Every structure is written in structure tokens, then in C-alpha cells.
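Visitor: First the structure, which I've put down as C-alpha cells, then a few questions once you've had a look.
The values are calculated or read from the model by the stated rules, or taken from the named source; none is laboratory data. In this text, all values refer to a predicted model and were calculated from it rather than measured experimentally. For neighbour counting, all protein chains shown are included, and Cβ atoms are generated from backbone atoms with ideal geometry for every residue, glycine included.
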Amino acid sequence: MSRRLLLAGLVVSSLLNLATAGDWPAFRGPHGNGWSDEKSAPTKWSSSENIRWKFKLPDTGNSSPIVVGDKVFVTCAQEKGAKRGLYCLNRADGKELWSQVVDFGRVMPTHGTNPYCAPTPASDGKHVVVWHATAGLYCYDMNGKELWKQDLGEFKHIWGYSCSPIIYKNTVIQNFAPGKSSFIAAFDIDTGKQLWRTDEPTEGDGEKRADGSWMGCWNTPVVVKQDGADQVVCFQPKRVVAYNPVDGKIIWECGLKNHKGDLAYSSPIISDGVCVALGGFSGSGMAFKLGGTGDLGEKSQLWYKRLNPQSIGTGVIINGYLYVPDAGPNTIRCIEVATGKEMWTDRTSGGAHWGSIIMVGDKAYVTNQSGTTVIFRPNPEKFELIAKNELGEHSDSTPAVSNGEIFIRTYGHLYCIAEK
């Protein structure tokens, strides 16, 4: 079985829903794990080479684009977050087709490194869903008509918010965090009716735990098939949790003791019945075996490390090796999943990574904060550089790949990259 099929086979095919082949309908792609269904994508570009079009964005932002059919979607705020928008562009030329801007009228706290509208939208080909935190969860049709909205309360944190919605069958699943009241909930995609809600225990105001260390969750859940059933797996501040997508009941949990604060930035990385969770702020990390119910405990752990490089973007597992982009030391690393042994560390990228790794065929793509996308061939023996492509603009986002084109969001523009 090929590397790509091995990975993709672990993720629920129903996530594709009505989205068609070639679409990139959600954060980290059609399977939610960073893997593209395509065999190839451009490997050479610059700010002036192989750029089909670029769209000037109204403000900075960290969300990633999605691509569905002939439309490209991206979120962006205005007026310091008082207005939060979803923009729909014509895939062919990058012209704006429509926008839906929520006039929230309030300026909520966030950090300068995490502008408002950080969540990436999600689509099933009929609906497009976007979460604007305290401003609400919104669902539109593909022509921009509002179908429903949900006000789920206030989500306040000094570092803002970034959890993206996912679509499972006919259900929108959203991790509502961080904040004093944090929870994960599901909604009927046609009506917006809440189907279930499972609260996550928090301390104090949801910003700091009892010892004064920071806490919070900013990552997006993933859906996997485990023990013959679909599970929604989310990295919460103190634990990794699997929920039943039908009723939200917790199937299992595995605690992560984090000595520098309970911060969950990157999503859980799952392959071959093993999950890797890497805490933020150079916090703790672990790998553990999946299977069973209840508290999996330390007996399931393959390894635990007290301190790790800053983890914001999410990596991928290929044939038993984890390839992870680091945000703190500006490195890309290869780790043996079974043991936690570091196979190699490379600094070729030259910048910190807030975006996640995506896989196209046998090539890995990751964009750093300088707007440089590093392309390498995963190899546990050594770092194999294929190309470095610079756009010269700050970027905290993850590329989208669709029908031979790459879409990259920077602080200034949304780029469509296509080799001539």
C-alpha cells in the first residue's frame, strides 16, 4: 500500500461529503490531516514567477484558504475585529464574487501575532461555514446567502482564537475555545440546530490555571476511524479526547501533563492507531496507542517528553515517522513515532513555522513566517530539500492545493500559484 493511501485510509471518507475531487474544502485539506488527493503541485514560484493572480486582502490574518469548485474562500477582519468577514473569490481570476461581513461592533482582546478571523472556513459543496468566535457561528450557501447563525456566548482570551469548523456527514462540529466556557458542539448543517454539546473543564477565567501558568486551546479536531467506528479527536488543554460524532459522548481520553502551561495549539496527529500530541509554548509532548474506552492513562504511552520546541503548525506521520514544523527554533524535525527518537533536525527553512505541513504525492510543503515555502521529500535518514520559494510577505497560514494549483495566504494577499 502506498504512503498516501495508508494515511488517507485512516480518515473518514464521509468528510468529503459533496465536495468533489480536487477540492480543498477545509483546514488541512479534504481529509483534515494535511494530505492531498493529488499527485503533484507546483514546485517553483516567487512573488513574480508562476503567479496566476493575487488578491489584496483588507487586513492581516492567519486563516488558510479553502477551494471548492470554481470558488476560493478566505476569512479576514476589518476595524480591529469589529467587523469579521468571509470572502468568496473567482478561482479563475481572483476577483471577488461576494463577501459576508459581520458587523460585530466590539473589539475583543487578541495578540498581535494572532489577528482576528484566524479560523479557516469549511464547505461541503453546498454550504460554507465560518466561526467568528464571540461574533457567532455562521452558515451560508455557495452564493453568499445566510442560512443560519448561532450565538454560543463569549470567547475571550488574551491570545485570541483560531479553532476551525469541520464538517462530518451532515453535521458541523466546532471546538469552541479558548474561554471561561469551552466546549465542543455539533449542529445540523441544514438548519443550524444544536445536536449535542460536551463541555471541557476549565480553570478560572480560562486564561490561566491555578498556578498562574497560561492555558487554552486553539486547534482543530480531526475525524478518524478507530475500533470500527468514527471518532472526533481533539487536543484539549490538559488531555486528548475522542468524542462520538453522533452524540458527543467521550469515548476515551489521555492526559498530558504540561509543565509550562496547558496550551494546545497544533492538532493531534494520528496514524496506524497511534496519536501524537505536542503542547504549545515549548511544552510537553507524547505519543500513545489508541484503542479502548475511558482513561487510557500512562499505560498507553509510547513516550513522553517534558519539553519540546514550540508547536503551532501540525505535522504528518509517514511510515512510522513524524515530520513536524517548529515555531520556536525555526526547524523541521523527523521523529520516530514508536520511540520519540529524533532522527534529524534541519534549519534550511530559515523561519518559524505557524503553518502546517501538507503532503502532495511524495512531497511535503510548509510555509514559514517569512512567506517562504519549503518543499522537501520525507526521508527518515536525512532532510531532502526539493525547493525554497519566497513570496516576501509574512505568512502564518497553511497552503491549499487544488487541481494543480497552490493557494497561499499572506498578511497582504491571497496568491494563486500555477506553473505555466
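Visitor: Residues of the range 360-385 being buried (at least 20 other Cβ atoms within 10 Å of the Cβ) and of a type in the set (Lys, Arg), which ones?
Guide: Within the range 360-385, no residue meets the criteria.
Visitor: Can I ask one more? Filter the range 57-87 for residues that are of a type outside the set (A, V, I, L, M), in a strand (DSSP E or B) and more than 21 Å from Trp354 (Cα to Cα) and give the result.
Guide: Within the range 57-87, Lys71, Gln78, Lys83, Arg84, Gly85, Tyr87 meet the criteria.
Visitor: Restricting to the range 382-409, and then to whatever is aliphatic (A, V, I, L, M) and under 22 Å from the mean Cα position of the chain (by Cα), can you tell me which residue is farthest from Arg28 (Cα to Cα)? Break it down stepwise before answering.
Guide: Narrowing the range 382-409 to residues aliphatic (A, V, I, L, M): 385-387, 391, 400-401, 406, 408.
Then keep just the ones that are under 22 Å from the mean Cα position of the chain (by Cα); that gives 391, 400-401, 406, 408.
Details: Leu391: 21, Ala400: 8, Val401: 10, Ile406: 13, Ile408: 13 Å.
Restricting to residues being aliphatic (A, V, I, L, M) and under 22 Å from the mean Cα position of the chain (by Cα), the top hit is Leu391.
Visitor: While we're here: Where residues in the range 212-247 are of a type in the set (Gly, Ala, Ser) and buried (at least 19 other Cβ atoms within 10 Å of the Cβ), which of them is nearest to Phe176 (Cα to Cα)?
Guide: Within the range 212-247, the subset of a type in the set (Gly, Ala, Ser) is 212-213, 216, 228-229, 242.
From what's left, buried (at least 19 other Cβ atoms within 10 Å of the Cβ): 216, 242.
Numbers: Gly216: 11, Ala242: 15 Å.
The residue in question is Gly216.
Visitor: Next up: Surrounded by fewer than 20 Cβ atoms within 10 Å (Cβ to Cβ), modelled with pLDDT under 95, basic (Lys, Arg) and not in a strand (DSSP E or B), is that true of Lys420? Working first, answer last.
Guide: On the way: surrounded by fewer than 20 Cβ atoms within 10 Å (Cβ to Cβ): yes; modelled with pLDDT under 95: yes; basic (Lys, Arg): yes; not in a strand (DSSP E or B): yes.
Here the answer is yes, as Lys420 does meet what is asked.
Visitor: Can you spot a residue in the range 366-376 that is in contact with an Asp or Glu (Cβ under 7 Å, 6 or more places away or on another chain), in contact (Cβ under 8 Å) with a residue 60 or more places away in the chain and β-branched (Val, Ile, Thr)?
Guide: no
Visitor: Right, another one. Looking only at the range 47-69, decide whether some residue is among the aliphatic types (A, V, I, L, M) and farther than 24 Å from Phe376 by Cα. Give the derivation first.
Guide: First, the residues of the range 47-69 that are among the aliphatic types (A, V, I, L, M): 51, 57, 66-68.
Okay, now just the ones that are also farther than 24 Å from Phe376 by Cα, so 57, 68.
Among the residues of the range 47-69, at least one is among the aliphatic types (A, V, I, L, M) and farther than 24 Å from Phe376 by Cα, which makes the answer yes.
Visitor: Does Ala338 qualify as being farther than 28 Å from Arg52 by Cβ, in contact with a His (Cβ under 8 Å, 6 or more places away or on another chain) and either outside any strand (DSSP E or B) or modelled with pLDDT under 95 (or both)? Give the steps one after another, and end with the answer.
Guide: Details: farther than 28 Å from Arg52 by Cβ: yes; in contact with a His (Cβ under 8 Å, 6 or more places away or on another chain): no; either outside any strand (DSSP E or B) or modelled with pLDDT under 95 (or both): yes.
Answer is no for this residue.
Visitor: Would you mind stating whether Val101 is surrounded by fewer than 17 Cβ atoms within 10 Å (Cβ to Cβ), part of a loop (DSSP other than H, G, I, E, B), at negative phi and aliphatic (A, V, I, L, M)? Walk me through it before giving the result.
Guide: Values: surrounded by fewer than 17 Cβ atoms within 10 Å (Cβ to Cβ): yes; part of a loop (DSSP other than H, G, I, E, B): no; at negative phi: yes; aliphatic (A, V, I, L, M): yes.
Criteria not met by Val101.
Visitor: Here's a follow-up. Identify all residues within the range 61-84 that are surrounded by fewer than 21 Cβ atoms within 10 Å (Cβ to Cβ) and small (Gly, Ala, Ser); write none if there are none.
Guide: Gly69, Ala82
Visitor: While we're looking at this one, here's another question. Looking at Cys234 and the list (1) at pLDDT below 95; (2) under 23 Å from Pro30 (Cβ atoms), which single condition is not satisfied?
Guide: (1)
Visitor: For residues that are more than 13 Å from the chain's Cα centre (by Cα), in contact (Cβ under 8 Å) with a residue 12 or more places away in the chain and assigned to a loop (DSSP other than H, G, I, E, B), tally how many sit in the range 19-52. Lay out the reasoning, then the answer.
Guide: Going residue by residue through the range 19-52, those that are more than 13 Å from the chain's Cα centre (by Cα) are 19-23, 36-52.
After this cut, where a residue has to be in contact (Cβ under 8 Å) with a residue 12 or more places away in the chain as well, the list is 19-23, 36-47, 50-52.
Adding the requirement that they be assigned to a loop (DSSP other than H, G, I, E, B) leaves 19-23, 36-47, 50.
Final tally of qualifying residues: 18.
Visitor: Taking the condition of being touching a residue at least 24 places away in the same chain (Cβ under 8 Å), farther than 18 Å from Ala229 by Cβ and outside any strand (DSSP E or B), how many residues in the range 273-299 meet it? Quick ask: steps written out before the conclusion?
Guide: Taking the range 273-299 and keeping what is touching a residue at least 24 places away in the same chain (Cβ under 8 Å), we get 273-288, 290-297.
Okay, now just the ones that are also farther than 18 Å from Ala229 by Cβ, so 276-288, 295, 297.
Add one more test, that the residue is outside any strand (DSSP E or B), and what stays is 279-284, 297.
Total meeting the criteria: 7.
Visitor: Among the residues of the range 133-142, is any assigned to a loop (DSSP other than H, G, I, E, B) and under 18 Å from Val67 (Cα atoms)?
Guide: Yes, some residue in the range 133-142 is assigned to a loop (DSSP other than H, G, I, E, B) and under 18 Å from Val67 (Cα atoms).
Visitor: Which one of Trp214, Trp303 is more than 26 Å from Ala364 (Cα to Cα) and touching a strand residue (DSSP E or B) at 6+ places or on another chain (Cβ under 7 Å)?
Guide: On the way: Trp303 fails: more than 26 Å from Ala364 (Cα to Cα).
Exactly one residue qualifies, and that residue is Trp214.
Visitor: Now for a separate question. Taking Gly179 as the residue in question, decide whether it is modelled with pLDDT under 95 and in a loop (DSSP other than H, G, I, E, B). It would help to see each step written out before you state the result.
Guide: Details: modelled with pLDDT under 95: yes; in a loop (DSSP other than H, G, I, E, B): yes.
Against the criterion (modelled with pLDDT under 95 and in a loop (DSSP other than H, G, I, E, B)), Gly179 qualifies.
Visitor: Taking the range 335-373, which residues are polar (S, T, N, Q) and under 20 Å from the mean Cα position of the chain (by Cα)? Don't jump to the end; show me each part of the working.
Guide: Applying the first criterion (polar (S, T, N, Q)) to the range 335-373 yields 339, 345, 348-349, 356, 367-370, 372-373.
The answer is Ser356, Thr367, Asn368, Gln369, Ser370, Thr372, Thr373.
Visitor: Would you point out which residue out of Gly340, Gly351, Gly291 is under 27 Å from Asn244 (Cα atoms) and out of contact with any helix residue (DSSP H, G or I) (no Cβ under 6 Å at 6 or more places or on another chain)?
Guide: On the way: Gly340 fails: under 27 Å from Asn244 (Cα atoms); Gly351 fails: under 27 Å from Asn244 (Cα atoms).
Criteria check complete, one pass: Gly291.
Visitor: Kindly indicate the residue of the range 258-272 that is in contact with a strand residue (DSSP E or B) (Cβ under 8 Å, 6 or more places away or on another chain) and assigned to a loop (DSSP other than H, G, I, E, B) and also surrounded by the most Cβ atoms within 10 Å (Cβ to Cβ) among those meeting that condition. If you could, list the steps in order and put the result at the bottom.
Guide: First, pick out the residues of the range 258-272 that are in contact with a strand residue (DSSP E or B) (Cβ under 8 Å, 6 or more places away or on another chain): 261-264, 266-272.
Remaining after also requiring assigned to a loop (DSSP other than H, G, I, E, B): 261, 266-268, 272.
Values: Gly261: 20, Ser266: 26, Ser267: 28, Pro268: 24, Asp272: 14.
Per the stated criteria, the residue is Ser267.
Okay, residues lined up against (1) in contact with a Cys (Cβ under 6 Å, 6 or more places away or on another chain); (2) surrounded by fewer than 22 Cβ atoms within 10 Å (Cβ to Cβ); (3) closer than 24 Å to Gly313 by Cα:
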position: Gly125; (1), (2), (3): no, yes, no
position: Val128; (1), (2), (3): no, no, yes
position: His132; (1), (2), (3): no, no, yes
position: Asn143; (1), (2), (3): no, yes, no
position: Val172; (1), (2), (3): no, no, yes
position: Ala177; (1), (2), (3): yes, no, yes
position: Ser182; (1), (2), (3): no, no, yes
position: Ala186; (1), (2), (3): no, no, no
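Visitor: Follow-up. Residue by residue through the range 182-198, note down the ones that are under 18 Å from Asp247 (Cβ atoms), part of a strand (DSSP E or B) and hydroxyl-bearing (Ser, Thr, Tyr).
Guide: Hit for the range 182-198 is Thr198, nothing else.
Visitor: Gly206 fails exactly one of the following numbered conditions: (1) of a type outside the set (D, E, K, R); (2) under 23 Å from Arg28 (Cβ atoms); (3) part of a loop (DSSP other than H, G, I, E, B). What is the number of that condition?
Guide: (2)
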